[in-house]
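Asks: Have a look at this one before I ask anything.
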Amino acid sequence: MQVNIAADWKALLQEEFDKPYFEELIRFVKEEYATRRIYPRGSNIFRAFDKCPFDRLKVVIIGQDPYHGPNQAHGLCFSVADGVPHPPSLQNIFKEVASDIGTPIPASGNLDRWAEQGVLLLNAVLTVREHEAASHAGRGWERFTDAVVRAISEHKQGVVYMLWGSYAQKKGAIADPARNCILKAVHPSPLSAYRGFLGCKHFSQANTYLIAQNKTPINW
């Protein structure tokens, strides 16, 4: 299984990679790829880290599980590959960006452009079986991504955390609000978006905070 991950993340997380639970997780994942249809493709499992090196990280957005439909997941939470229709949550994210800061809704749902500006689009679980949501939950990915959030909290400050929904808020709870910008709202899913995600103005708030930190704002 090919692993693409930025060198500074690899160094920061090497201790985690060497732990027995992670070695067991990788054995499971390799077996799954060998016997089932798994998303994203192997080379994209760590794409969020490869597209957003640790030294450039400014914003953290936490998702839960990769998309499990064909051709959707490509390693960044909420993002889909070029040419793939926008899933409902991503539609609401783009609606909020448009309402908040006036950026037109883009044709492509590929969020590589955000990642490359310093937005870590982190799913809690990094792989999934086709058409089986949460099928790789509880196998070790959550422990690994908890370690990622902990490492960010320990080694960086002045980070914007966009925590949408109770799951993301629990996972991001380690972040110190005195040293970072913590933005919370309900999940952008159509089931909840109208209860406070739409109108949350997180994107303009994030940029206001980054500018106050003498950092370049994100071109959402």
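Asks: When residues of region 126-143 are filtered for being among the acidic types (Asp, Glu) and in contact (Cβ under 8 Å) with a residue 60 or more places away in the chain, how many remain?
Replies: Qualifying residue count for the region: 2.
Asks: Take the residues in region 1-26 that are aliphatic (A, V, I, L, M), touching a helix residue (DSSP H, G or I) at 6+ places or on another chain (Cβ under 7 Å) and modelled with pLDDT under 95, then tell me which one is surrounded by the fewest Cβ atoms within 10 Å (Cβ to Cβ).
Replies: Going through the qualifying residues, I end up with Met1.
Asks: How many residues, within region 34-80, are assigned to a helix (DSSP H, G or I), in contact (Cβ under 8 Å) with a residue 40 or more places away in the chain and surrounded by fewer than 23 Cβ atoms within 10 Å (Cβ to Cβ)?
Replies: 8
Asks: Now for a separate question. Specify the residue that is nearest to Val60 (Cα to Cα); the eligible residues are those in region 147-160 that are open to solvent by 70 Å² or more (accessible area, probe 1.4 Å) and not polar (S, T, N, Q).
Replies: So, considering only residues that are open to solvent by 70 Å² or more (accessible area, probe 1.4 Å) and not polar (S, T, N, Q), the one nearest to Val60 (Cα to Cα) is Arg150.
Asks: Right, here's the next one. Regarding Glu31, is this residue within 20 Å of Val148 (Cα to Cα), open to solvent by 20 Å² or more (accessible area, probe 1.4 Å) and either within 18 Å of the chain's Cα centre (by Cα) or at pLDDT 95 or above (or both)?
Replies: no
Asks: Right, something else. Report, by residue number, each residue of region 91-125 that is outside any helix (DSSP H, G or I), in contact (Cβ under 8 Å) with a residue 40 or more places away in the chain and open to solvent by less than 10 Å² (accessible area, probe 1.4 Å).
Replies: Hits for region 91-125 are Gly118, Val119, Leu120, Leu121, Leu122, Ala124, Val125.
Asks: Further, regarding this structure: Residues being touching a residue at least 12 places away in the same chain (Cβ under 8 Å), open to solvent by 20 Å² or more (accessible area, probe 1.4 Å), out of contact with any helix residue (DSSP H, G or I) (no Cβ under 8 Å at 6 or more places or on another chain) and assigned to a loop (DSSP other than H, G, I, E, B): count how many of those fall in region 171-203.
Replies: 1
Asks: Are any residues in region 56-98 among the charged types (D, E, K, R) and closer than 18 Å to Val125 by Cβ, and if so, which ones?
Replies: Asp65
The values are calculated or read from the model by the stated rules, or taken from the named source; none is laboratory data. Predicted, not measured: the structure shown is a model, and the values here were computed from it. All Cβ positions, even for glycine, are placed from backbone atoms using ideal geometry, and neighbour counts span all protein chains on display. For the accessible areas, the whole protein counts, side chains as well, though only heavy atoms, and no ligand, DNA or RNA atoms are used. Shrake-Rupley method; radii C 1.70, N 1.55, O 1.52, S 1.80 Å.
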